[in-house]
Every structure is written in C-alpha cells, then in structure tokens.
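Each value in this text was obtained by applying a stated rule to the coordinates, not by laboratory testing. Quick caveat: nothing in here was measured; it's all calculated off a predicted structure. Note: ideal-geometry Cβ built from the backbone for every residue, glycine included; neighbour counts use all protein chains shown.
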Amino acid sequence: MATITTLYEQVFQTLKKDILEGKYKPGDRIPSEKELSDTYQISRITSKKALGKLVEVGLVHRKQGKGTYVSQVSGEKKHPLASSLKKPLIGLIVTSFDDSYSSKLISSIEYASEDQCLVILKQSFGLPDKEEKYIKELLEFGVDGMLIFPARTEHFSSEILRMVVDQFPFVLIDRLFKGVGATAVSTDNVQAAKMGVEYLFSLGHEHIGVLSPRTIETTTIEDRFNGVVQAYAERNSRVNHELWCTEIKSTLPHPEATAEQDIDIIKQYLMKNPEISALFAFEYQIAILVHRAAEQLGLQVPDDLSILCFDEPEKSVCDWTFTHLRQAANEIGKTAVTRLLEMINGESTIKKVSFPATLVEGNSTKVRKNSLDKV
C-alpha cells in the first residue's frame, strides 16, 4: 500500500527542494505562514508546521517580527529539545494525573517512549477550553504529533477538527469521537461492563445498581452502560433503569460537589432501593464512596452489599481489595505510542484498537444471601 504523505510534509519537502536547488538563497526571506496558506490552499496550522520543520532541520531561521530566512549554512541540525538521534517530539494531554488508570497510562506511555521520542505532558482537568488551549500551544511549539485523552467526546474542539482535516498525526486514548475519523486506542468498555454484570449474575445477584459520574458525555461511560444492557439482554432479563444513579459529582476531573455530598446521595439511593444486593461502580473512586455510604448505613460489604468497580490501584496499603475490572493500561499506552510514531512516519490509515479488560476478584463481592437456597 502506498504511503500517503501529510500536507505539512508535502509543503516542507517542496520548500526544502527549492532551498537546496537555490531558488531561495542564504539570506533570502521565504513565504510566510499566510502566504503559504494562500498559495497551497492549506490551513495556517499546516503552514506553521512546515516552516517549523524547516527551522528544526536548520535550513531556515526566524527573525522576530520580520519573517523566516534561509540559513547561511544548509543542512540538518537537532531540535533544541531532541537528542542526537533526532527523536520526534510529541504532546500528551490527559484529563487527570490522579486516578489509577491515568497514572498507569502515563507510566506506560513514558516507558514506551523511551529511546523513541520525547514527551511534553499537559493536564486538562477535564475542561474542554483548557484542552483546546494546550492543543494550540503544542502545535505552535512544533510537536510532531499528539496523544490526547479527550475531556469530552460529544462536542470535540475546533482544534481537533483542524488536525483531522490537516491530517496532523494524533491518537485518541480511551475515548472516540462520533462521526469523526480519528485513530483511537481504548478499552473494550462494552465487553468489560458486560463481563462485570455477568459476574454479579453468577453470584446470584438480580437487583444490581449502577453508579456513574454525573457526566456521561464520553463514549467510555456510554459504552459501559451499553455493556450492562447487553448482559441483561442475553439473559432475557429486563433492565431496571430506576436502579441507575448518574448523579456522582465529586469524582469528576473538575469536581462539582464534595465527597460527603455524594455519600449522602448514595445513602438516599440505597435507602430508596433496598432490594439492591450489588452495586457496579463505573470508577474506583465511586466504589470508595459506596463503601463509606454502606458503612454509615450499617451495611456490611460484601455480606449485605457486593461492590464491583473499574481499576483499583495495584499497590494497596492493606490486604482488603475491591473486585474490579482491570484495564490493559500498559498495552493501551504502548500501542498508542507505536501508532502515533507510524503516523508521524507517513502511515495515514485510521485504526481503532480496543483491548479487553480482565476481572480481578477481591474482597468486595460474594454469593448473594439465600441464593444458594434457590438452587
């Protein structure tokens, strides 16, 4: 299959050829970003990227307020932040450094990047405006590609759309964009949630509550709900949406409530639905809130209430652990880096890769009371 060169690479190669063949001599000013945009009918992002690469290899230099000029000595030189191996420079934007899954992802990306590329890390706190600001800054800085853990996927930023149009190398992690062709690496969240509910079914639980963050504007949360529905459908059981609570706010990257307020919400929820014998928390931090709420109500975990969640930290300070669905953070991070480097090197095929989660049994689940009597 033929390699499709990115737009900025095409402009870069054209300008490089003109310089090396003498069309632009040392000291000559070359076209500006706007002039290149008008000439080649490309965006300013693309022209900026092409000029940035010319600067990077040492063919031109910029004069503040005057323009870009051909250097006296042609030939490649190192990027100011790159090693002698001329490693690509990539940007990494995540929503948070704090939760277990994000920490594992960052570690795996850092490990996979060693000896291959340099990484600039930014935290968006789940705020779309901050995410867009960092994308702009990284593009202006001249990164070769980006790994993005999107803040939202219902409404993607104009900067991301521009990168799609300009064929700028970037990979989405954990989430997808509906209706936009973009490479993505994530967990198979439908499979993971379906497996979690099936496990609770196997323990005899019939009335299973589901707790998620207040925001469900991500394909991650949406896919987990879809997995829950599929598990019920394959069992020919009816989903009781009244047992779903989507009002948890304190675990959001930009909290809208305190943990104590969410614990009160969970307590009210449990008292309103006393038939619930198991809870599926879509996040580890939610599972902690559930455990605290249960204790305050005098419920024992797992004797009175089983709890299942995603992504418990591997380094626990005690022997007690939650039963959880472990995402393949190491494989996701490694694959995201590999795929981005392929794109930087000219591969343009859009690929969506997902990895299955694994169920890790802990101390928070057990066979439902009296379920053995029904066998």
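Taking a 20 Å limit on the Cα-Cα distance, which of the listed pairs LYS122/LYS249; LYS48/LYS352; LYS34/LYS63; LYS34/LYS136; LYS63/LYS136; LYS16/LYS136 fall beyond it? Intermediate results must be reported in sequence, preceding the final value.
Working: LYS122/LYS249 23 Å; LYS48/LYS352 28 Å; LYS34/LYS63 16 Å; LYS34/LYS136 17 Å; LYS63/LYS136 22 Å; LYS16/LYS136 25 Å.
The pairs that break the limit, which is 20 Å between Cα atoms, are LYS122/LYS249; LYS48/LYS352; LYS63/LYS136; LYS16/LYS136.
Gain in length, GLN116 to PHE141, computed as 0.36 nm per residue apart minus the alpha-carbon separation, to one decimal in nm?
Details: separation 25, 0.36 × 25 = 9.00 nm, distance 1.93 nm.
Once the chain is fully extended between GLN116 and PHE141, it gains 7.1 nm.
LYS352 to LEU299: FRET efficiency via 1/(1 + (r/R0)^6), r the Cβ-Cβ distance, R0 51 Å, to the nearest 0.05?
So the FRET efficiency works out to roughly 0.80.
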statement: Taking alpha-carbon centroids only, segment 215-272 lies from segment 5-37 a number of Å equal to 54 Å
task: Just grab the label-to-label distance for GLU234 and LYS133, each label 7 Å out from Cα along the Cβ direction, in nm (one decimal).
output: 4.4 nm
- line: The answer for HIS205, listing residues at least 5 apart or on another chain whose modeled amide H is closer than 5 Å to its amide H, is ARG368
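Using DSSP to call loops (not H, G, I, E or B), can you name the GluC sites (Glu not before Pro) in segment 248-299 whose Cβ has at most 16 other Cβ atoms within 10 angstrom? Don't skip to the answer; put the middle values down first.
Values: sites: GLU256, GLU260, GLU275, GLU283, GLU295; in loops: GLU256, GLU275, GLU283.
Taking segment 248-299 and a limit of 16 other Cβ atoms within 10 Å, the loop GluC sites (Glu not before Pro) found are GLU256, GLU275.
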message: Cut-off 10 angstrom, C-alpha nodes, Gaussian network model of the chain. Which of GLU234, GLU137, GLU206 fluctuates the most?
response: GLU234
Most mobile of HIS207, HIS241, HIS61 in a GNM of the chain (Cα contacts under 10 Å): HIS241
- request: Using a 10 angstrom cutoff on alpha carbons, build the Gaussian network for the chain and name the most mobile of LYS53, LYS267, LYS66.
  value: LYS66
task: Identify the trypsin sites (Lys or Arg not before Pro) of segment 167-228 meeting these criteria: DSSP loop state and at most 10 other C-beta atoms within 10 Å of the C-beta.
output: LYS178
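Please identify every one of the trypsin sites (Lys or Arg not before Pro) in segment 308-357 that sits in a loop by DSSP and has no more than 11 other beta carbons within 10 Å of its own beta carbon. Write out the running numbers ahead of the final one.
Values: sites: LYS315, ARG326, LYS334, ARG339, LYS351, LYS352; in loops: LYS315, LYS351.
Counting only loop positions with at most 11 other Cβ atoms within 10 Å, the trypsin sites (Lys or Arg not before Pro) in segment 308-357 are LYS315.
Given the -39500 (n - 2.57) contribution per DSSP H run of 4+ residues, what per-residue ellipticity at 222 nm results for the chain, rounded to the nearest 500 deg cm²/dmol?
Working: 11 runs with 144 residues, N = 375.
Rounded to the nearest 500, the figure is -12000 deg cm²/dmol.
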- request: Subtracting the Cα-Cα distance from 0.36 nm times the residue separation, let me have the gained length for LYS272 to SER202 in nm, one decimal.
  value: 22.7 nm
- request: List the DSSP H helices in the chain whose Cα atoms stretch 15 Å or more along the helix axis and whose mean Kyte-Doolittle hydropathy is at least -1.0.
  value: 7-20, 44-56, 100-113, 189-202, 219-234, 259-272, 284-296, 329-344
- request: Over the residues of segment 210-365, compute the C-alpha Rg and express it relative to 2.2 N^0.38 Å.
  value: 1.19
task: Show the residues, 5+ positions off or on another chain, whose built amide H is closer than 5 Å to the amide H of PHE355.
output: SER186, THR187, ASP188
Estimated inter-spin distance, LYS23 and THR246, nm [label 7 Å along Cα→Cβ]: 5.5 nm
